[in-house]
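Working notes for the structure below.
Values quoted throughout were computed directly from the atomic coordinates according to the rules given, and no laboratory measurement underlies them. No experiment lies behind these values; they were computed from the predicted model shown. Using ideal geometry, Cβ is built from the backbone for each residue, glycine included, and neighbour counts are taken over all protein chains shown.
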């Protein structure tokens, strides 16, 4: 959160995650390629803007 990736331009987020995933794979050899993919998906989801409550209510009202 303090690295500034949240709220950054999507292209910058991609670069940041590419660098982070390279670091993780170099640093933690025990992580499998599948686990690294899962971490990337979780990271991509984490930086998405939060869904608004108003949008959620509109879907449930329909």
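Here are the numbers:
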{"quantity": "Projected label distance in nm at residue 31 and residue 45, using a 7 Å step from Cα toward the beta-carbon", "calculated": "1.6"}
{"quantity": "52, 20 arranged by Cβ crowding within 10 Å, fewest neighbours leading", "calculated": "52, 20"}
{"quantity": "Segment residue 19-residue 38, length gained on full extension (0.36 nm per residue, minus Cα span)", "calculated": "5.3 nm"}
{"quantity": "Least to most buried among 25, 32 (fewest other Cβ within 10 Å first)", "calculated": "32, 25"}
